[in-house]
Each structure stands twice: as C-alpha cells, then as structure tokens.
Amino acid sequence: MSDQKVLVAGAGKSGIAAAKLLLALGGEVVLYDSNDRIDPNKLKARFDEDAKITFLLGQLSRTGLVGVELAIISPGIALDAPFVSVLDEAKVPIWGEVQLAYHVAKGKLIAITGTNGKTTTTALTGEIMKAWFEEVFVVGNIGIPCTQTALETTERSVTVAEVSSFQLETIMDYRPDVSAILNITPDHLNRHGTMENYIEIKERITANQTEKDCVVLNYDDPVLREFGEDRGKKPQVFFFSSRHPLKEGLYLDNMQIVFAHGGSKEPVLDVRAMQLLGRHNYENAMAAMAIALRMGVPMEVICKVVKGFKAVEHRIEFVLERAGVKYYNDSKGTNPDAAIQAIRAMPGPTVLIAGGYDKQSEYDTWIEEFAGKVKYLVLIGQTRDKIAECARAHGFNEIMYAEDMEEAVHVCAAYADAGDNVLLSPACASWGMFDNYEQRGRIFKECVRGL
C-alpha cells in the first residue's frame, strides 16, 4: 500500500493501529472521526512528527476524499453511519481492520467468533499455540488490534484472532486456516437488524475457506449443526458437543472429554482437573482443543495447557472472599445468554448485579434461570426498568436499584449471607455508564476490594 492515500475512520484504538500500519507501509493517511470535539493535537501526539497524516473531524464531505483510494473503517462504526454513504457515492472501497491486517500479515491464521465464549477460547487457544509454536500472536477483540502485530508476523507465525460480527461485516478475501464459530444467540440486533442477518454475518468467517481449511463448530447449536452438515468438503468441519456423543469430534461424556476419531473413542481429559467453571467453559475448552488438533499440536501438550488455564479477566473471574461471601466479576457477560452461563457456574445462592446499555435484547430466558439460584437482583443503567418489569412478569420480585457500581456493591454486601456469591454479570453492554466492559469490571473489583 505504498504511496496510497487511505482514509481511516475512527480515532480509537483500532483506528490508530490501522493508521500506524498504513504509514509503516509507506502510505498517506487521512484519520477521520465524526466527533468534532476530539483535540487534534492529542491525535497528532500519537504519531511521529514527520508522519504523512492529516486529521479530519466532524462531517465528511466529498472534498475531504480528494485522492483517497481506500477507506479502513473501525469495527465500532456501523455501516449505515452517514459518512459511509459519502464513501459509497465517491466509490471508495471500504475494508475493515481485520481485512487490512490479513492483507499484510504472514503465517497461519486462526479466527474465532461466536456470540459468547470468544475471549476465553481465544486466550486458551493462544496459550496452547505458545506451548508448541515459537511465534504466536493473540489479537482482535481480546484487546490487541490485528493491525498492531501484522508487520511482526513471519511465515513461521501463528496468529490467533478473536473476531466479532462487526469485523466480519467488512471482510473481502479474509481466509483463516482454521476458523471456529462457538455459538449463535441473539445479540447486537440493534446494529444487525434481524437474527437472520446476524447469523449470515457470523457464518461469513468461512466464506473464503477451501477444502484444505477447517471450521470448528458447536454441534449443540442447531443453526451451526445445520450449517456444518451442509458444508460438504469446503471447508472441513470439526464438531464439538457437551450434550451429544459424536462419531467424529470432541464431546463431553459425564465428566470426561472424549476424542472420537477413525472409529475409536478416546477419553482425553477429566474436566474436574480444569481450573475453569461451568459447562460453557467445557465447550470453550473443546473448541480450543479442536483448533489445536487441527494445527498439529499433540494431545498431551493440549491437555496440559487446558488443565492449567485460569479464567480470563472479566469472565466469571473470582475476585475475593469477604465475610464468607465470594465475589465474581463477569463484566464480559454483555448479553443474556452469556449471563445465563455465569449464573449456571455459580456454586451457590447468588446476589446479582445487572443492567446497562440497551442492545434491544430480550431477558425472559435469562430471568427464568434465576429460580433457586438468584436471591436478589440489583439493577443499574439504562435497562434497569425494562429488566425489572420483565423479572416481575416472571414472578421475581427481589429487586433493588443502584445509581452506580459503588452503591450496587454495597447493597450486595449488605444483603449477601455467608456462603452466598455476589456476581456482576450485567446481560447488557457497558456503554453509557462506562467506556467499555473492561472499565466496568475494574471498577467493580475496586469497589469490592474497598468494602
């Protein structure tokens, strides 16, 4: 992309990383953000003084696109944003950041998507790869933009990428050697519109794969089972299941993970030896194991890493025990299905903190999980009235409101008895009250430690 003039839309972490990659390739960058309150001097300070970059804030017009040959759009920006139509009218091609990184990077690529479990599976897969390969990069939604490490990769590298539906909207020839779709449940419908569209975008991760490649799929998800059974040989399919025995693949039999292959059924791992809690984490582990097997990692290496792997930050993360009450941070539970898994993983009665930004989710199935598990529900954020109304409709009335996280934690501490658990698992996005789910989780932990 040497000498090309490229517009990068979005001045956040992803946009900055993409701009730096383009500059390193010898290109010229126009960094655009619709927020005209951003200080351009602070943006300039992120780059070298002689960088071939200009900054454009506020409304985008055709005059701002003079000489622009390509646009890179950050995943947080919806494709129906007003400035996108200006790009379309000017016939400027649009790529996403993962497409840009793929265009530049070398080596093998593993790409993991799904509504829930992506971060845990990506982190675990990364640790398995590091135990066998010398050059491993773990990138994507897990915290490091794909574009940040693309130039560091070599033909010997293995890149493990957590990929969201937002990123898959803008891929072109993106082709993972191994892809995985962990599950598909309603999420981000405020952006994707319909469940059918959301499913199509998730399944797009396999669009350019060939019969030499592989997709790992959850057999228990009816959408993914049908998708896998209809694939033929393009790409090859590796199923995993926590509920059904399989003729080929990995499945859970009582407390044993079994590897079925070539007519044999081989117990390979007792899940009681794992550090991770809950059936959903057994599924995450099987997905990572399947990916690793496809990448040629020996089973004994895989199992050793899986046994020692601990929960990632903000995903059913044990914080501390105080006065006999255990506190867990599941800020990554940003939709009802993820929050269901956290409730199921709790070892006893639970006081639950929930609520946040409204992604137009439905909460009925989540609330139905409360019976016999959730003692009190403490609600924060934009969705608290909507959730409270839904909870009462299902006969759950032990509901309290809090204005912020500090108040919510103190309410929980007051109502929890010895032997109970306090769980932050919001079932909602963090926006509005927090910058992101990481900040929400860190503030929760600070409040807990300050009790």
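Computed from the coordinates by the stated procedures, all read-outs in this text should not be read as laboratory data. These numbers were taken from a predicted model, which means no experiment stands behind them. Note: ideal-geometry Cβ built from the backbone for every residue, glycine included; neighbour counts use all protein chains shown.
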(request) Would you compute, from DSSP H runs of 4+ residues alone, the mean residue ellipticity of the chain at 222 nm, taking -39500 (n - 2.57) per run and dividing by the full residue count, rounded to the nearest 500? (result) -9500 deg cm²/dmol
(request) Could you rank the peptides 96-105, 432-441, 158-167, 372-381 by their average count of other C-beta atoms within 10 Å per residue, with the highest value first? (result) 158-167, 96-105, 372-381, 432-441
(message) Suppose every Lys and Arg Cβ carries +1 and every Asp and Glu Cβ carries -1, with no other charges. What dipole size does the range 316-387 come out with about its Cα centre, to the nearest 20 debye?
(response) 260 debye
(request) Round to the nearest 0.05 the FRET efficiency obtained for Ser2 and Gln382 when R0 = 35 Å and r is the Cβ-Cβ distance. (result) 0.15
(message) Starting from the 7 Å offset along Cα-to-Cβ, what nm value, one decimal, do you get for the label separation of Arg243 and Ala273?
(response) 2.8 nm
(request) Evaluate the relative contact order of the chain (contact order divided by residue number), counting alpha-carbon pairs under 8 angstrom at least 6 apart; express in whole percent. (result) 11 percent
(request) Quick one: which residues, 5+ away or cross-chain, put their amide H under 5 Å from the amide H of Thr159? H built at 1.01 Å from N. (result) Lys108, Leu109, Ile110, Phe137
(message) Explain nothing, just the number: relative contact order of the range 98-308, from Cα pairs under 8 Å at least 6 residues apart, as a whole percent.
(response) 21 percent
(request) Order by neighbour count: Asp50, Asp330, Asp221, fewest other Cβ atoms within 10 Å first, most last. (result) Asp50, Asp221, Asp330
(message) Rounded to the nearest 5, what % of DSSP beta bridges with both residues in the range 317-449 are antiparallel?
(response) 25 percent
(message) For the range 246-284 and the range 161-175, what is the centre-to-centre distance using only Cα atoms, to the nearest Å?
(response) 29 Å
(request) Could you order peptides 81-90, 336-345, 392-401 by the average number of other Cβ atoms within 10 Å of their residues, highest first? (result) 336-345, 81-90, 392-401
(request) May I ask you to evaluate 6.51 cos²θ - 1.76 cosθ + 1.60, the Karplus curve with θ = phi - 60°, for each residue of the range 412-427 and list the ³J(HN,Hα) values in order in whole Hz, giving x for glycine and proline? (result) 4, 4, 6, 9, 7, 9, 3, x, 8, 10, 10, 10, 8, 8, x, 6
(request) Take peptides 289-295, 236-242 and line them up by average Cβ neighbours within 10 Å, highest first, as a rough protection proxy. (result) 289-295, 236-242
(request) Work out the FRET efficiency for Asp404 and Lys44 from their Cβ-Cβ distance, taking R0 = 35 Å, and round it to the nearest 0.05. (result) 0.50
(message) Using 0.36 nm times the number of residues separating Leu320 and Ala393, minus their current alpha carbon distance, what extension gain do you get?
(response) 22.9 nm
(request) Could you pull out every residue, at least 5 positions away or on a different chain, whose amide H is within less than 5 Å of the one on Ile73? Hs are placed 1.01 Å off N in the peptide plane, and Pro or chain starts have none. (result) Ala9, Trp95, Gly96, Glu97
(request) Would you mind ranking Lys359, Lys44 so that the residue whose beta carbon has the fewest other beta carbons within 10 Å leads the list? (result) Lys44, Lys359
(message) Need one word for the chain: rounded, prolate or oblate. Basis is the Cα gyration tensor (sqrt eigenvalues a ≥ b ≥ c); a/c below 1.5 gives rounded, then a/b vs b/c decides.
(response) oblate
(message) Taking the number of other C-beta atoms within 10 Å as the exposure measure, put Ser74, Ser157 in order starting with the fewest.
(response) Ser157, Ser74
